[in-house]
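A short write-up of the structure that comes next.
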Amino acid sequence: MRRLAALVLLVALSGCGLRPLYGGGSSGTVARSLADVEVAPIGGRAGWLVRNALVDRLGSPAGQAHAYRLDVKLDDDITGFGIRADDAVTRERRTLRARYQLVDAAKGTVLVDATAGSDVGIDVVSSEYATVAAEQTALEHLAEAIADQIVTRVAVYAAHSGGKK
């Protein structure tokens, strides 16, 4: 009886229309589309970190013409919100938000216009060096999270468009 239930479940799942995003591996439509995205320069330290993370994930070779360009604008903010009686901040929240556009390089049309964001809490300790190090580590983690969100959204677009511009 359990085998019959498992067989029915497998048949039902095969007809639901779900398919792997990266079907076909590195030669699949999505992987080829991602490799055809050039990441425009992004200003600042956060921009450098996000751009490097995007280039690593997209796998686009340098020095070739790309069909798509990814434009990203960042908003990096640190806000103190844990306040002691002596007005010293004990906790900070670092927030990194990105507005990004996937642009058809030949036509200049915007194909995807979306936002991504993440935040992290930071303990403020008595050592200023430790607090600055924690803020920088938080920025590195946020850059990775933002890059993951952007690549996922672009990959979904590529899957739905079939790699066509």
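With the highest mean first, a sort of the peptides 33-41, 84-92 on other beta-carbon atoms found within 10 angstrom per residue produces 33-41, 84-92. Net charge of the neighbourhood of residue 92, taken over other residues with C-beta under 14 Å away and scored Lys/Arg +1, Asp/Glu -1, is -2.
Only one residue of 125, 53, 80 has its Cα farthest out toward the positive end of the dipole of segment 23-161, where Lys and Arg carry +1 and Asp and Glu -1 on Cβ, and that residue is 53. Beta bridges from DSSP with both residues in segment 23-161: antiparallel share about 90 percent, rounded to the nearest 5.
Compute the signed sum of charges (Lys and Arg +1, Asp and Glu -1) over the other residues within less than 14 Å, Cβ to Cβ, of residue 142. The answer is -4.
Taking the mean number of other Cβ atoms within 10 Å as a proxy for protection, how do you rank 114-122, 97-105 from highest to lowest?
97-105, 114-122
Values in this text are rule-based calculations from the coordinates and carry no lab data. As the structure is a prediction and not an experimental result, all values here were calculated from the model. Cβ: placed from backbone, ideal geometry, glycine included. Neighbour counts: every protein chain shown.
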